[in-house]
Amino acid sequence: MMNSESLGSVVALLPFVVFLIIYVMALRRSKQNMAEVTRINEALLSANLEMVKKLQNIEAMLQKDRQD
């Protein structure tokens with residue numbers, strides 16, 4: 001059985017433990033959000049690269065037409 005001193009210590013630590021739990025949960029959520037942002041950025045980069053390839057093809061066709 002706990003005496004009043006150790007119970008007081010436990011009660012004094014409770015806000016810290018609650019803060020730590022909330023902090024860890026927020027950190028996990030932040031990591032998930034960062035992973036989602038990374039996936040979106042990769043998809044946008046891929047789409048941009050495709051667009052550059054298409055524009056390069058169009059430019060090559062236009063230059064060929066000018067030469068003809």
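Descriptive notes on the structure:
- Here the accessible area of the chain is 65 percent carbon and sulfur, with a 1.4 angstrom probe and all protein chains present.
- C-alpha long axis of helix 4-67 to longest principal axis of the chain, angle in °: 0
- Charge context of Val37, other residues only, Cβ under 13 angstrom, K/R +1, D/E -1: +1
- Every helix of 4 or more DSSP H residues in the chain counts as -39500 (n - 2.57), and over all residues that averages to -35500 deg cm²/dmol at 222 nm.
- Whole-number accessible area per residue in Å² for the chain, which is evaluated in the context of all protein chains at 1.4 Å: 98
- Relative intensity, log₁₀ I(q)/I(0), of the chain from a Debye sum that treats every alpha carbon as a point, q = 0.14, 0.19, 0.23 Å⁻¹: -0.70, -0.85, -0.95
The values are calculated or read from the model by the stated rules, or taken from the named source; none is laboratory data. This one's a predicted model, so the numbers in the text were calculated from it and none came from an experiment. Positions of Cβ are backbone-derived with ideal geometry, glycine not excepted, and every protein chain shown enters the neighbour counts. All accessible areas refer to the heavy atoms of the entire protein, side chains included, with ligands and DNA or RNA removed. Shrake-Rupley method; radii C 1.70, N 1.55, O 1.52, S 1.80 Å.
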